[in-house]
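The values are calculated or read from the model by the stated rules, or taken from the named source; none is laboratory data. Everything numeric here is computed off the predicted structure, so don't read it as measured data. Please note: Cβ atoms are built from the backbone with ideal geometry, for glycine as well, and neighbour counts cover all protein chains shown. Just the protein is used for accessible areas: all its heavy atoms, side chains included, with ligands, DNA and RNA removed. Shrake-Rupley method; radii C 1.70, N 1.55, O 1.52, S 1.80 Å.
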Amino acid sequence: QVHFVESGGGFVHPGESLRLSCLVSGGTFGSYDLIWYRRPPGQQRVVLATISADGNAIHAESVKGRFTISRDNAKSTAYLQMNSLKPEDTAAYYCNARRGSILVGSWGQGTQVTVSS
């Protein structure tokens with residue numbers, strides 16, 4: 001029922017920045033926690049950051065201090081600001097939504113981020 005369209009990825013050099021967007025449709029956006037994930041090549045999907053319905057954010061240690069999750073309820077969009085990008089940040093990036101302990105959406109196509117010299 002809840003769907004996601006991720007965008008904003010691309011090719012960047014180490015140290016540069018990107019801002020990813022996640023447009024959410026098909027649900028009550030303001031009632032959900034929002035989550036960013038990534039899947040590096042050949043690896044499993046992992047959680048990067050979560051922002052609650054009231055705006056409280058938690059970031060994984062691997063990206064803390066470099067990545068910032070945010071949300072715009074008027075646009076039904078979640079964002080992931082990524083600064084000081086490293087080659088190990090290369091991955092497909094995904095978003096999803098959670099109500100309580102339950103993921104409420106289907107996985108989207110993700111957006112590819114490639115960091116390379």
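Summary of computed values
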{"item": "Enumeration of residues in the range 85-117 that are closer than 14 Å to D33 by Cα, not in a strand (DSSP E or B) and not β-branched (V, I, T)", "result": "G100, S101"}
{"item": "Sole residue being open to solvent by less than 80 Å² (accessible area, probe 1.4 Å), out of contact with any Phe, Trp or Tyr (no Cβ under 8 Å at 6 or more places or on another chain), touching a residue at least 24 places away in the same chain (Cβ under 8 Å) and aromatic (F, W, Y), chosen from Y93, Y37, Y79", "result": "Y79"}
{"item": "The one condition in (1) over 16 Å from H3 (Cα atoms); (2) open to solvent by less than 40 Å² (accessible area, probe 1.4 Å); (3) not aromatic (F, W, Y) that V24 fails to fulfil", "result": "(1)"}
{"item": "Residue, surrounded by the most Cβ atoms within 10 Å (Cβ to Cβ), within the range 64-76, restricted to residues that are part of a strand (DSSP E or B) and hydroxyl-bearing (S, T, Y)", "result": "T68"}
{"item": "Failed item, numbered, when A53 is tested on (1) modelled with pLDDT under 95; (2) exposed (fewer than 15 other Cβ atoms within 10 Å of the Cβ)", "result": "(2)"}
{"item": "2 or more residues among the polar types (S, T, N, Q): qualifying strands (runs of 3 or more DSSP E) within the range 5-63", "result": "18-25"}
